[in-house]
Structure formats: C-alpha cells, structure tokens
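Just below is one structure, and these are the notes that go with it.
Any read-out appearing in this document is the output of simple, stated calculations on the displayed coordinates, not a laboratory observation. Everything quoted here is computed from the prediction, not taken from an experiment. In this analysis, Cβ positions are derived from the backbone assuming ideal geometry, glycine residues included, and neighbour counts consider all displayed protein chains.
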Amino acid sequence: MKKAAFILIAPLLATTLFAQSEKFVKAMEPKVNAVDTTHSTEALVDLANSFERIADAEKTQWTAYYYAALAHINAGLMIASANGLNGGISDKTDPEADKAETLLSKAEALSKDNSEIWVLKKQIATLRMMGDPMSRYMVYGPAAAEALATAKKLNPDNPRVYLLEGQDLYFTPEQFGGDKQEAKKRFEEALNKYETYKPETSIDPSWGSGQAKYFLSQIK
C-alpha cells in the first residue's frame with residue numbers, strides 16, 4: 001500500500017519541483033540578460049538587490065547569489081573606473097566588495113569547487129586592491145592571482161578566466177609585467193573558448209564575450 005501511494009505521489013512531487021524550477025528560471029532570465037547591459041552603479045545595485053531577493057526566496061540556487069555578487073562587483077568596478085583607477089576610493093568600493101563577498105559565500109555554500117565562483121573571488125580581490133593600490137597590492141594582488149589560478153584549475157575551458165588574464169595584462173603597466181600583445185592573445189583565447197563553451201542552463205554564467213571583443217578592438 002505504501003509503495004502504491006508513493007508511486008501515485010511521486011509524479012505530483014516531480015511536477016511541483018519542476019514548476020518551482022521553471023518559475024525560478026523565468027524570474028532569473030531577464031535579470032541575467034541585464035547584467036551585460038546595465039551601465040550605472042545605481043541600476044547595478046538595484047539589479048543586485050533583485051537577485052538577492054530571488055536568492056533568499058529560493059535558498060537553494062547558487063546562481064541567484066552569484067549574480068547578486070556579480071552586480072555588486074560591477075558596480076564597484078564602475079565606481080573605480082569613474083575615479084580614474086587612481087585609488088583613494090576604498091570608502092566607496094569596499095562596501096560593494098563587502099556585499100559581494102557575503103553573497104558569494106552563500107553561493108559557494110551551495111556549489112563547492114565552482115570555477116565561476118572563483119572567478120568572482122578574483123574580481124573581489126581586484127576591486128579591493130583598486131580601492132587603494134599602493135597600500136593594498138601586496139595583499140590583494142597575490143589573492144587575486146591565486147583565485148584566478150584556482151578558477152582555471154577547476155575548469156580550464158572557462159572563457160572568463162582568459163578574459164580576466166587579458167585584462168590584468170592590459171591594465172598593468174609594462175614595468176610591472178603588463179603587455180598588451182600578450183593581453184591580445186588572452187582575449188583571442190577567451191573568444192575561442194566562448195565559441196565552444198556551453199552553459200548548462202539558460203541562466204548559468206555566459207557573460208564576457210563582449211568585453212573580450214572590446215579590448216581586442218583597443219589593441220593595435
């Protein structure tokens with residue numbers, strides 16, 4: 001009798017779980033698409049808050065926390081860029097890094113050894129360093145490099161790894177190891193990876209190809 005009851009209930013449970021998953025994906029898709037097209041700090045923070053609300057309602061999906069963290073990172077990077085990347089802005093960038101770190105830890109608790117999460121750890125370390133490069137490089141420079149190396153080890157085919165390697169080479173002065181021609185090779189490698197990289201779902205990370213194309217267009 002118990003077995004028969006389970007057989008009857010199981011399809012209902014599966015349908016319910018599927019419906020919840022479908023609802024989650026539909027809530028996420030337009031916001032995921034907005035990550036690459038949102039270009040103001042205020043809008044990015046609003047987007048991050050939207051992802052966080054979805055994450056807290058769902059509680060079991062790493063991607064929602066991941067994108068909330070990414071939106072805060074992008075907001076912080078935008079603040080740093082607006083200030084000329086000259087430092088002295090940690091009071092403005094650290095709050096975004098702090099929020100991103102908290103959210104990313106929740107994503108990592110749901111998805112261990114995830115290359116995408118380590119990519120964001122790298123970006124958080126970079127953002128902290130950009131707040132005050134002169135005093136923070138010795139701490140956050142190695143932390144950023146280690147995080148990116150871990151992301152690459154976990155998934156050598158992750159195109160965002162090569163995008164960030166290229167950005168590092170592009171922005172670092174030559175006397176400190178920067179090289180725009182080497183950066184070009186990384187951006188080209190990133191684009192090659194993007195051509196073959198297949199996200200598992202419509203809301204898994206796929207961002208970055210536009211950035212790689214932009215940087216390539218800036219290198220003679």
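Most exposed first by the Cβ proxy, i.e. fewest other Cβ within 10 Å, how do 104, 110 rank?
Going from least to most buried by this count: 110, 104.
Here residue 23 is the anchor, and the aspartates and glutamates within straight C-alpha reach of less than 12 Å, apart from those fewer than 8 places off in the same chain, are 58.
Lysine pairs in region 157-220 whose alpha-carbon atoms fall under 18 angstrom of each other, counting only those eight or more residues apart or on distinct chains, come to 9.
With K and R counted +1 and D and E -1, the other residues having a Cβ less than 11 Å from that of residue 75 yield a net charge of -1.
Under 21 Å Cα-Cα from residue 92, which lysines qualify once same-chain neighbours fewer than 8 residues away are excluded? Hits, sequence-local ones excluded: 121, 122. Shown here for region 67-136: trypsin sites (Lys or Arg not before Pro) in loop regions (DSSP other than H, G, I, E, B) with at most 13 other Cβ atoms within 10 Å, namely 112.
What does the charge count near residue 59 come to, summing +1 for each Lys or Arg and -1 for each Asp or Glu among other residues with Cβ under 12 Å from its Cβ?
On the way: positive: 53, 106; negative: 52, 56, 58.
Neighbourhood net charge equals -1.
Ranked by Cβ crowding within 10 angstrom, fewest neighbours first, how are 63, 201 ordered?
Details: 63 24, 201 11.
Fewest to most other Cβ atoms nearby, the residues stand as 201, 63.
When only Cα pairs below 8 angstrom with a gap of at least 6 residues are kept, region 157-220 shows a relative contact order of 37 percent. Extension gain for residue 153 to residue 111 (0.36 nm times residue separation, less C-alpha to C-alpha distance): 13.5 nm.
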